[in-house]
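K.L.:
Can you read through this structure? Questions will come right after.
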Amino acid sequence: MSLERKIHWETVYSTKQPNEVSWTQDVPKTSLEFIHSFNVSKSANIIDIGGGDSRLVDYLIDEGFEHVSVLDISEKALERAKVRLGEKSSKVNWIISDITEFSPTVNYDIWHDRATFHFLTTSEQIAKYLSIARKAVTGYLTIGTFSENGPKKCSGLDIKQYNEIQLQEELSNGFEKIKCVTEDHITPFNTSQNFLFCSFRKQSL
């Protein structure tokens, strides 16, 4: 695991509250719309990559999804989500891992990633991520990244911007694009970040 990356994110989640970080969303509307569009059953396996203390898991549990996993490199982030969920946290599979070193033990009907992928800035990191996703995903994948009109950094780290064609090309080996949308995310500081969200279907062999 990249110790440097882990220390960075543990520090962020140890020192900043949700209203002090740019990615906070009270209602993850676009993520939920994509997940609903896949029309999977409540028993589907869903994983939120880099979920941190995002509220997406709250909504999925409240909607009755029975097999939800949240992966994050930061143990502190997941602890905060567990505290927020209280007793409901026992319904979630919590995974502390760097995504590039994740070894899934199950297959996923839905792989959701809002803003982890764009932190992978080397071809080696991107290749590892995609290799893991190709093996683990049997149904659908949805990724949100900063668009070409979005920020070039997040939380002090460099990120990789994407347009629709670039993201489609990265996922082309194993996934076919369903649709893409761009949206402005309004941060807790009332600034705007332009995101690209795309959904993909696992290609059958």
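K.L.:
Name the pairs: first residue in segment 29-41 and in contact (Cβ under 8 Å) with a residue 60 or more places away in the chain, second residue in a helix (DSSP H, G or I), Cβ to Cβ under 6 Å, at least 6 apart or on different chains?
P.N.:
Sorted first by the residue in segment 29-41, then by its partner, the pairs are Ser31/Leu56.
K.L.:
Hey, among Ser90, Ser54, which residue is hydroxyl-bearing (Ser, Thr, Tyr) and modelled with pLDDT of 95 or more? Please lay out each step first, then the result.
P.N.:
Numbers: Ser54 fails: modelled with pLDDT of 95 or more.
On inspection, the qualifying residue turns out to be Ser90.
K.L.:
Kindly provide the set of residues from segment 75-85 that are of a type outside the set (Lys, Arg), within 25 Å of Lys29 (Cβ to Cβ), surrounded by fewer than 21 Cβ atoms within 10 Å (Cβ to Cβ) and in contact (Cβ under 8 Å) with a residue 24 or more places away in the chain, ordered by number.
P.N.:
Residues of segment 75-85 that are of a type outside the set (Lys, Arg), as a first pass: 75, 77-79, 81, 83, 85.
After this cut, where a residue has to be within 25 Å of Lys29 (Cβ to Cβ) as well, the list is 77-78, 81, 83, 85.
Next cut, surrounded by fewer than 21 Cβ atoms within 10 Å (Cβ to Cβ) only: 83, 85.
If the condition is that a residue be of a type outside the set (Lys, Arg), within 25 Å of Lys29 (Cβ to Cβ), surrounded by fewer than 21 Cβ atoms within 10 Å (Cβ to Cβ) and in contact (Cβ under 8 Å) with a residue 24 or more places away in the chain, then Leu85 is the only one that fits.
K.L.:
Step by step: first the residues of segment 106-123, then only those that are surrounded by fewer than 15 Cβ atoms within 10 Å (Cβ to Cβ) and modelled with pLDDT under 95, then the one that is nearest to the chain's Cα centre (by Cα). Which residue is that? Even if it seems obvious, please write down each step before you answer.
P.N.:
In the first step, residues of segment 106-123 are kept if they are surrounded by fewer than 15 Cβ atoms within 10 Å (Cβ to Cβ); the result is 106-107, 121-123.
Imposing the further condition that a residue be modelled with pLDDT under 95 reduces the set to 121-123.
Details: Thr121: 16, Thr122: 18, Ser123: 19 Å.
Per the criteria, the residue is Thr121.
K.L.:
Return the residues of segment 120-159 that are over 17 Å from Ile46 (Cα atoms), of a type outside the set (Val, Ile, Thr) and in contact with a strand residue (DSSP E or B) (Cβ under 6 Å, 6 or more places away or on another chain); say none if nothing qualifies.
P.N.:
Ser147, Asn149, Gly150, Pro151
K.L.:
Just a yes or no: is a residue in segment 67-82 farther than 28 Å from Asn39 by Cβ and touching a strand residue (DSSP E or B) at 6+ places or on another chain (Cβ under 6 Å)? Can you show your working first?
P.N.:
Taking segment 67-82 as the starting set, the residues that turn out to be farther than 28 Å from Asn39 by Cβ are 73-80, 82.
Going one step further and asking which of them are touching a strand residue (DSSP E or B) at 6+ places or on another chain (Cβ under 6 Å), we end up with 75, 78.
Scanning segment 67-82, I find at least one residue that is farther than 28 Å from Asn39 by Cβ and touching a strand residue (DSSP E or B) at 6+ places or on another chain (Cβ under 6 Å), so the answer is yes.
K.L.:
Working only within segment 16-46, note down all residues that are crowded, with 17+ Cβ neighbours inside 10 Å, modelled with pLDDT under 85 and β-branched (Val, Ile, Thr).
P.N.:
Hits for segment 16-46 are Val21, Thr24.
K.L.:
Another one. Identify all residues within segment 51-70 that are surrounded by fewer than 23 Cβ atoms within 10 Å (Cβ to Cβ) and closer than 15 Å to Phe102 by Cβ; write none if there are none.
P.N.:
Within segment 51-70, just Ser69 meets the criteria.
K.L.:
Name the residue, out of Asp48, Asp26, Asp72, that is out of contact with any Phe, Trp or Tyr (no Cβ under 8 Å at 6 or more places or on another chain), closer than 23 Å to Ser155 by Cα and either among the hydroxyl-bearing types (Ser, Thr, Tyr) or touching a residue at least 60 places away in the same chain (Cβ under 8 Å) (or both). Outline the logic, then answer.
P.N.:
On the way: Asp26 fails: either among the hydroxyl-bearing types (Ser, Thr, Tyr) or touching a residue at least 60 places away in the same chain (Cβ under 8 Å) (or both); Asp72 fails: out of contact with any Phe, Trp or Tyr (no Cβ under 8 Å at 6 or more places or on another chain).
It is Asp48.
K.L.:
Continuing with the same structure: Looking at (1) crowded, with 19+ Cβ neighbours inside 10 Å; (2) in contact with a helix residue (DSSP H, G or I) (Cβ under 8 Å, 6 or more places away or on another chain); (3) not small (Gly, Ala, Ser), which one does Lys88 not meet, given that it meets all the others?
P.N.:
Here Lys88 meets the rest and fails (1).
The values are calculated or read from the model by the stated rules, or taken from the named source; none is laboratory data. These numbers come from a predicted model, not from an experiment. Cβ atoms come from the backbone with ideal geometry, glycine included; neighbour counts cover every protein chain shown.
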